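What follows is a single structure, written as structure tokens, with notes after it.
Throughout, read-outs are computed from the coordinates displayed, never taken from laboratory work. No experiment lies behind these values; they were computed from the predicted model shown. Backbone-built Cβ (ideal geometry, glycine too); neighbour counts: all protein chains shown.
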């Protein structure tokens, strides 16, 4: 039974198993778990009529070729969109219905208005202990902490300014994790990235690595060189990541 506190490196499917299936769909989440992922990462927004749905972007332009803003649409309207392979945009409830009761879930709050409804659903499904709420939006994290003093929270690092704020944010929000993007490596260089991750780890953060481009894990042995500094990895390609972690002696 996966737990956030396990000694082994945890693997989460980025928006499900998006290397092979349409992102943020029930099919992608099912396939991620079938491939052995300990859990999944889900992006959430609130619809016009107050439903929490899974989608990464603010619009449907990239995933469904529809120029429409999610927050201006009802769930019924959104359900008409085909986001690939005949898959529809799922609600958070639908995702929790199909996920095994012991799988981990990292919910990224894309929309600050979605915090309360998201928490209510997590609680309704008795999933608080296996959920990590993360966000770039500090206000969203504050809202989540106000709702629950114990739920795990993670700050998504989007720039160097946030790195400098980590000690203060950890104390204020009782943060569980710092979620560092591999994209930082080509921007600031591997050595500075390594030092920043090592520093955050010493502050007591669980370190979660993520990326928009999975290749950054494998390029120049980046992930191998970060061995010992991360606890969770979020990946598009679960099977490929397991192969690498096995090679590293971590799974």
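The table below lists the values:
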quantity	calculated
0 to 90° range, to nearest 10: angle between helix 190-202 axis and the chain longest Cα axis	80
Between helix 160-173 and the chain: long-axis angle, C-alpha atoms, 0 to 90°, nearest 10	80
Sequence ranges 193-204, 103-114, ranked by mean other-Cβ count within 10 angstrom, highest first	103-114, 193-204
FRET efficiency estimate (nearest 0.05) - Cβ-Cβ, residue 129 to residue 48, R0 45 angstrom	0.90
Gyration tensor (alpha-carbon) shape descriptor, the range 1-134, a/c threshold 1.5	oblate
Residue 148 paired with residue 171, simple spin-label distance in nm, labels 7 Å along Cα-to-beta-carbon	2.6
Chain lengthening between residue 247 and residue 160 when straightened (0.36 nm per residue, less Cα-Cα)	28.2 nm
Selected from 55, 147, 46 as most flexible by GNM, with the chain as the system and alpha-carbon contacts under 10 Å	147
Residues of the range 1-36 with amide N under 18 Å of a point placed 7 Å along Cα→Cβ from residue 240	11-24, 28-29, 31-33, 35-36
Relative contact order of the range 94-228, pairs being alpha-carbon contacts under 8 Å that are 6 or more residues apart, as %	17
Inter-label distance, nm, simple model (7 Å from Cα along the C-beta direction), residue 77/residue 57	1.7
Helix 138-147 axis, angle to the chain major axis (alpha carbon atoms, nearest 10°)	70
